[in-house]
Amino acid sequence: MIKKIISILIVILVVFSAVMLLKKRKARMAEAKPPAVKPIVVESFTLKKDNVLLTLPYIATVKSDAGAEINTKIAGRIEKLPVQTGERVKKGDLLVKIDDDELKSKINGLQKEKQSLKWEIQSVKSVLRAKRTNLENLKKKHARTAELLKVDGASIEEYESEETSIAALKSEIEIQKNKINTLQDKIKILESKISEIKASLKYTKIYSPVSGTVSEKYASEGENIIAGKKILKITGKDKKYLEIQLPQDKTAKTIKTNGEFYNIKGLNDTDASGTLRYKTSYIKKLKASTGEILPVEIVTYRGNNKLLPYNAVLDKDNDKFVFVYSNGDVQARRIDVAHSGIQGIVADNLSGVKRVITAKPDILLRVLSGVPVKVLSDKQ
């Protein structure tokens, strides 16, 4: 029993000693000074107004207004298509020949129908002339009957019978005249159809409207095509320009390529993806071929201003900060980006700012949290 009590007392003594030792260590740690935070070594950048050009890389397509798309205006079978892709053609060269046998056959059939109507009109006119002659003779006879009736030389029945015959002849004459008018109307309809088909005959041969190169071929000889079918694309050498497509949230007025600046204008249309098309004016010294893709830069800003390098800007929680360095002190300042490009950033609220620090984003984030900095050098 005594041994058990002694063991318990020893354990209590050990625990008490450990607790007291821990308290002493905590007291010494509380009295000790925290280790000094080493300043972050950064560089500074001097801001000054200068000519600033901001651009973004894009691609443009070489196009030409001197070319032409060749479409058919009538349906039919392609009898001749004598040109190949890459072949040079001159203005006036035959490009497409559509089989015109069916059209010519229709014209012949309509011409025969028209001639048949003309013969029928002649026949009706002969009948009409005969009836008019009969009418004139009957009118003369009726006049004599009227004179005889006055002296009782003719009966009233005979007189009335002649009047009935005259009325019947007049009615028959009107019928024949209407028949002629109807036949003539039919001839006019046929002539209109013939004229339409003859007009279509002109479209069976398609000639090149421009001189250029066959850049696309969409059909082949022997193929049956519908009206409006695209057959060829001719690309001209002149009137070349650059076309660029930009997202709706991007706007630009100028592009740069090969060291030259060109103004662009919107074409007021969008494609399925919602991009807007822009084009330059004609570029005389553009050597690239039509359809070629060229690297260009869209100009987002061009003017006299202060240029911020990207390593001077911290992007945090949709806000952007720069760190103004003055007289050994660093102050964070929220900025409003007005323009940006691969060269850097132009901000609206940098008035009075002369120097900013530059560093990697993680270092700038530590500076924002209050870690001191040491400026190593100044980059211009």
Test: ILE59 is surrounded by 13 or more Cβ atoms within 10 Å (Cβ to Cβ), within 57 Å of the chain's Cα centre (by Cα), at negative phi and outside any helix (DSSP H, G or I): no
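Assess whether TYR241 counts as being in a strand (DSSP E or B), modelled with pLDDT under 90 and out of contact with any Ser or Thr (no Cβ under 8 Å at 6 or more places or on another chain).
Considered against the rule, which asks whether it is in a strand (DSSP E or B), modelled with pLDDT under 90 and out of contact with any Ser or Thr (no Cβ under 8 Å at 6 or more places or on another chain), TYR241 comes out as no.
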Candidate set from segment 171-221 (those that are under 24 Å from LEU94 (Cα atoms) and among the hydrophobic types (A, V, I, L, M, F, W, C)); member that is surrounded by the fewest Cβ atoms within 10 Å (Cβ to Cβ): ALA199
Residue match in segment 368-378 (condition: under 17 Å from LEU308 (Cβ atoms) and of a type outside the set (A, V, I, L, M)): yes
Any hit, segment 109-123, residues being surrounded by 15 or more Cβ atoms within 10 Å (Cβ to Cβ), basic (Lys, Arg) and touching a residue at least 40 places away in the same chain (Cβ under 8 Å): yes
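Would you point out which residue out of ILE197, ILE225, ILE187, ILE234 is of a type in the set (A, V, I, L, M, F, W, C) and under 30 Å from ARG129 (Cβ atoms)?
Numbers: ILE197 fails: under 30 Å from ARG129 (Cβ atoms); ILE225 fails: under 30 Å from ARG129 (Cβ atoms); ILE234 fails: under 30 Å from ARG129 (Cβ atoms).
On inspection, the qualifying residue turns out to be ILE187.
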Test: residue in segment 251-264 that is touching a residue at least 40 places away in the same chain (Cβ under 8 Å) and in contact with a Lys or Arg (Cβ under 9 Å, 6 or more places away or on another chain): yes
Selection status of VAL296, part of a strand (DSSP E or B) and at negative phi: yes
Exclusive hit being at pLDDT below 90 and either hydroxyl-bearing (Ser, Thr, Tyr) or closer than 18 Å to ILE180 by Cα (or both), set SER116, SER105, SER155: SER155
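Please pick out the residue among ALA168, ALA146 that is loosely packed, with under 15 Cβ neighbours inside 10 Å, of a type in the set (Gly, Ala, Ser) and touching a helix residue (DSSP H, G or I) at 6+ places or on another chain (Cβ under 9 Å).
On the way: ALA168 fails: touching a helix residue (DSSP H, G or I) at 6+ places or on another chain (Cβ under 9 Å).
After applying the criteria, what remains is ALA146.
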Output for segment 28-66, where each listed residue is within 30 Å of LYS287 (Cα to Cα) and either modelled with pLDDT under 75 or in contact with a helix residue (DSSP H, G or I) (Cβ under 6 Å, 6 or more places away or on another chain) (or both): ALA66
Inter-residue pairs, beta-carbon under 9 Å, first assigned by TED's automatic domain parsing to the domain that holds GLN115 and in segment 172-185, second surrounded by fewer than 14 Cβ atoms within 10 Å (Cβ to Cβ) and at pLDDT 90 or above, 6+ apart: LEU183/LYS118
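From VAL330, VAL322, VAL346, which residue is of a type outside the set (Lys, Arg) and within 39 Å of the chain's Cα centre (by Cα)? Working first, answer last.
Values: VAL330 fails: within 39 Å of the chain's Cα centre (by Cα); VAL322 fails: within 39 Å of the chain's Cα centre (by Cα).
Matching residue, one of VAL330, VAL322, VAL346: VAL346.
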Pairs with Cβ under 7 Å, 6+ apart, first in segment 331-342 and part of a strand (DSSP E or B), second hydroxyl-bearing (Ser, Thr, Tyr): HIS339/THR300; HIS339/TYR301; SER340/THR300; GLY341/THR55; GLY341/THR300; GLY341/TYR301
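Any residue that is more than 17 Å from TYR58 (Cα to Cα) and part of a strand (DSSP E or B) - is there at least one of those in segment 269-291? Steps first, answer last, please.
Quick first cut of segment 269-291, residues more than 17 Å from TYR58 (Cα to Cα) only: 269-272, 281-287, 289-290.
Of the ones still in play, those that are also part of a strand (DSSP E or B) are 269-270.
Looking through segment 269-291, at least one residue is more than 17 Å from TYR58 (Cα to Cα) and part of a strand (DSSP E or B).
Return the total of residues in segment 69-90 being surrounded by fewer than 17 Cβ atoms within 10 Å (Cβ to Cβ) and not in a loop (DSSP other than H, G, I, E, B). Explain how you work it out, then say what you get.
To start, the set of residues in segment 69-90 that are surrounded by fewer than 17 Cβ atoms within 10 Å (Cβ to Cβ) comprises 69, 71, 73, 75, 77, 79-80, 82, 84-88, 90.
Subsequent filtering for residues that are not in a loop (DSSP other than H, G, I, E, B) retains 69, 71, 77, 79-80, 88.
Qualifying residue count, segment 69-90: 6.
Please tell me if GLY222 is of a type outside the set (D, E, K, R), within 30 Å of ILE98 (Cα to Cα) and assigned to a loop (DSSP other than H, G, I, E, B).
On the way: of a type outside the set (D, E, K, R): yes; within 30 Å of ILE98 (Cα to Cα): yes; assigned to a loop (DSSP other than H, G, I, E, B): yes.
Judged against the criteria, GLY222 is a match.
Looking at LEU94, is it closer than 21 Å to GLY228 by Cα and either in contact with a Pro (Cβ under 8 Å, 6 or more places away or on another chain) or free of Cβ contacts under 8 Å to residues at least 40 places away in the same chain (or both)?
Working: closer than 21 Å to GLY228 by Cα: yes; either in contact with a Pro (Cβ under 8 Å, 6 or more places away or on another chain) or free of Cβ contacts under 8 Å to residues at least 40 places away in the same chain (or both): yes.
Considered against the rule, which asks whether it is closer than 21 Å to GLY228 by Cα and either in contact with a Pro (Cβ under 8 Å, 6 or more places away or on another chain) or free of Cβ contacts under 8 Å to residues at least 40 places away in the same chain (or both), LEU94 comes out as yes.
Based on what the data block shows, is THR275 buried (at least 18 other Cβ atoms within 10 Å of the Cβ), of a type in the set (Val, Ile, Thr), closer than 26 Å to SER215 by Cα and out of contact with any Phe, Trp or Tyr (no Cβ under 7 Å at 6 or more places or on another chain)?
no
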Members of segment 290-305 that are touching a Lys or Arg at 6+ places or on another chain (Cβ under 8 Å) and under 12 Å from LEU54 (Cβ atoms): GLU297, ILE298, VAL299, ASN305
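The values are calculated or read from the model by the stated rules, or taken from the named source; none is laboratory data. None of these values were measured; they are calculated from a predicted model. Cβ atoms come from the backbone with ideal geometry, glycine included; neighbour counts cover every protein chain shown.
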